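Data block below; observations after.
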Amino acid sequence: MTKLKVNVVIAGRTYPLSVNNTSEEEGMRKAAKNINDLIAKYEQSYAVSDKQDVLAMCALQFASKLEIASISKELEDKEVLHKIKALTNLLDSQL
């Protein structure tokens, strides 16, 4: 399978990437746009002189959102399993 070559710009730097398909390309471009939007937001809100500090803040925000979503999903999964077990027990007691 031929890889697609794409260039994304993050914080004013161009990064050449290889992706497997157009869906991955779209995902990379959207991710780069989200990063650049967040960089602009941080630069407007805070007096940050170093791009590395802004990128670290962006990385922390994106990583924390991912972790929070993962924790929430794990809690939801546990709740669903608990309800399934309760329903199974109820059905077993009725049979």
If we keep only residues of the stretch 29-64 that are at pLDDT below 95 and open to solvent by 100 Å² or more (accessible area, probe 1.4 Å), then the residue nearest to the chain's Cα centre (by Cα) is Lys41
Taking the stretch 71-95, which residues are polar (S, T, N, Q) and exposed (fewer than 10 other Cβ atoms within 10 Å of the Cβ)?
Ser93, Gln94
So, in the stretch 41-65, how many residues would count as being outside any helix (DSSP H, G or I) and in contact with a Cys (Cβ under 9 Å, 6 or more places away or on another chain)?
0
Criterion violated by Gly12 - all others in (1) at positive phi; (2) open to solvent by 80 Å² or more (accessible area, probe 1.4 Å) satisfied
(2)
Report whether or not Ile68 is part of a helix (DSSP H, G or I) and within 25 Å of Lys5 (Cβ to Cβ).
no
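The values are calculated or read from the model by the stated rules, or taken from the named source; none is laboratory data. All values derive from a computational prediction rather than experimental measurement. Neighbour counts are summed over all protein chains in view; Cβ atoms, including those assigned to glycine, are modelled from backbone coordinates with ideal geometry. Heavy atoms of the whole protein, side chains included, go into the accessibility calculation; ligands, DNA and RNA do not. Shrake-Rupley method; radii C 1.70, N 1.55, O 1.52, S 1.80 Å.
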